[in-house]
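Report on the following structure.
The values are calculated or read from the model by the stated rules, or taken from the named source; none is laboratory data. Given the structure is predicted, the values throughout are model-derived calculations rather than measurements. All Cβ positions, glycine included, derive from the backbone under ideal geometry; neighbour counts span all protein chains shown.
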Amino acid sequence: MTDSWNAVYMNNRERCVICFQPPYIEEMHGLTGATPLIKHHVTYFPEKIVFVHYECHKKIHGDPPMTMWIQYNDGDARKFYTMKQEKENGQVDTKDKA
């Protein structure tokens with residue numbers, strides 16, 4: 001699965017890639033609903049994303065971190081989101097920034 005940013009999704013929103021469970025079903029204020037899985041970048045260049053529970057995301061970045069799911073360098077996230085914002089604002093540089 002890919003999106004307009006050419007991201008590769010390694011799983012879908014139906015099951016967490018860490019614990020293999022579906023989104024949590026919770027009741028709050030008399031309403032029942034699913035807490036959606038969140039996106040975690042495995043790499044930014046190329047962009048590879050997995051869907052995980054918030055608690056599983058904390059495990060990925062825990063002590064020790066789950067390095068299988070962190071395959072990017074320091075500064076890649078900042079670089080990625082700067083480039084994304086520039087692209088959205090129509091400020092795309094013609095040079096390859098990756």
Check your understanding: So which of 87, 79, 48 is closer than 24 Å to residue 13 by Cα and of a type in the set (D, E, K, R)?
Key -> 48
Check your understanding: Somewhere in the range 78-91, is a residue closer than 24 Å to residue 16 by Cβ, under 19 Å from the mean Cα position of the chain (by Cα) and surrounded by 11 or more Cβ atoms within 10 Å (Cβ to Cβ)?
Key -> yes
**Study point:** Residue that is farthest from residue 87 (Cα to Cα) [pool: residues in the range 1-30 that are modelled with pLDDT under 90 and not polar (S, T, N, Q)]
**Key:** 30
Study note, to complete from the structure: Residues of the range 5-28 being outside any loop (DSSP other than H, G, I, E, B) and touching a strand residue (DSSP E or B) at 6+ places or on another chain (Cβ under 7 Å), in sequence order, are 8, 9, 24, 25, 26
Exercise for review: Give the residue that is farthest from residue 84 (Cα to Cα), with candidates limited to residues of the range 31-70 that are part of a strand (DSSP E or B) and of a type in the set (A, V, I, L, M).
Suggested key: 31
Check your understanding: If you check every pair at least six apart or on different chains, which have Cβ atoms under 7 Å apart with a residue in the range 66-84 that is at negative phi first and a residue that is modelled with pLDDT of 95 or more and of a type in the set (Lys, Arg) second?
Key -> 66/59
